[in-house]
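The values are calculated or read from the model by the stated rules, or taken from the named source; none is laboratory data. Everything quoted here is computed from the prediction, not taken from an experiment. Cβ coordinates were reconstructed from backbone atoms using ideal geometry, including for glycine residues, and neighbour counts include every protein chain displayed.
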Amino acid sequence: MAKPPSSDKKAYHHGDLKQALLDETARILREEGESALSLRALAANLGVSRTAPYNHFENKQSLLCAIAEEGFARFNQTMQDVRDKHRGQGGEVLTRALVRAYLDFARNNQEYYDLMYGSDFWRSGKLTPTLKSTARGVLRQDIERLKRGQQRGLIAAEVDAVQFSQMYWGTLHGISRLLLDGVFTDTTSLKKLCDSTAAMLWQQLDPKR
């Protein structure tokens with residue numbers, strides 16, 4: 001019996017198609033931009049039927065929401081790795097490392113970051129409940145970490161954890177956006193910028209101030 005003709009297209013079994021779609025979406029966003037993205041293009045690139053992606057994502061918007069969620073998951077893991085690496089080294093050292101990690105993540109993962117904090121995306125009013133919950137959870141976790149630090153005497157007791165977290169995120173996002181948009185072009189001084197920002201933030205947190 002003759003063998004069926006071989007195909008150059010890679011076949012994905014049901015169990016890993018969703019992740020394959022997410023990975024290919026991230027690649028398209030990174031290399032070609034959102035205008036090149038469609039569920040039909042994804043199906044063609046992955047060698048599956050045109051309807052297969054719809055088993056996992058209702059439309060392009062739900063796919064982009066899933067990419068943003070994955071971005072937050074990657075970001076959380078990155079920051080946790082930094083905390084684990086610098087555990088016990090002191091608040092100022094950790095703050096400096098976290099600032100650097102945040103800016104590095106934004107610069108090296110723009111395909112995720114643009115969706116995680118994209119103004120047009122968030123103003124669309126079409127975000128999935130899980131994305132909203134995930135995004136809010138990131139800020140909530142930082143607030144809880146600050147409060148635990150205050151209870152242990154590692155963070156100044158008078159710091160308002162909510163307001164500081166908002167200021168922290170706003171500051172780092174602003175710098176990241178300026179870097180991504182090409183306003184800050186002197187990346188050779190980025191380390192100095194990170195360290196100056198971290199010193200400013202730690203000045204507010206230092207329990208000895």
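Among the residues of the stretch 135-151, some residue qualifies, meaning at least one is among the aliphatic types (A, V, I, L, M), over 28 Å from LYS60 (Cβ atoms) and in contact with a helix residue (DSSP H, G or I) (Cβ under 9 Å, 6 or more places away or on another chain). Of the residues making up the stretch 131-176, those that are under 17 Å from ALA73 (Cα atoms), of a type in the set (A, V, I, L, M, F, W, C) and in contact (Cβ under 8 Å) with a residue 40 or more places away in the chain are LEU131, ALA135, VAL138. On the given criteria, is GLU58 in a loop (DSSP other than H, G, I, E, B) and either at pLDDT below 95 or not basic (Lys, Arg) (or both)? Judged against the criteria, GLU58 is a match.
Within the stretch 32-47, the set of residues being in a helix (DSSP H, G or I) and within 15 Å of ILE67 (Cα to Cα) comprises GLU34, LEU39, LEU42.
One residue alone among SER49, SER35, SER62 is exposed (fewer than 13 other Cβ atoms within 10 Å of the Cβ), within 22 Å of the chain's Cα centre (by Cα) and not aromatic (Phe, Trp, Tyr), and that residue is SER35.
Of the residues making up the stretch 92-128, those that are more than 11 Å from the chain's Cα centre (by Cα), crowded, with 18+ Cβ neighbours inside 10 Å and of a type outside the set (A, V, I, L, M, F, W, C) are THR95, ARG96, ARG100.
Let's see how each residue does on (1) within 22 Å of ALA26 (Cα to Cα); (2) of a type in the set (Gly, Ala, Ser):
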residue	(1), (2)
GLY118	yes, yes
TRP122	yes, no
ARG152	no, no
TRP169	no, no
ARG177	yes, no
LEU180	yes, no
ASP186	no, no
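When you look at GLU158, is it surrounded by 12 or more Cβ atoms within 10 Å (Cβ to Cβ), outside the structural domain of SER35 (by TED's automatic domain parsing) and not aliphatic (A, V, I, L, M), yes or no? Considered against the rule, which asks whether it is surrounded by 12 or more Cβ atoms within 10 Å (Cβ to Cβ), outside the structural domain of SER35 (by TED's automatic domain parsing) and not aliphatic (A, V, I, L, M), GLU158 comes out as no. Please verify whether TYR168 is under 21 Å from VAL82 (Cα atoms) and in the same structural domain as MET200 (by TED's automatic domain parsing), treating the condition exactly as stated. For TYR168, the condition - under 21 Å from VAL82 (Cα atoms) and in the same structural domain as MET200 (by TED's automatic domain parsing) - is met.
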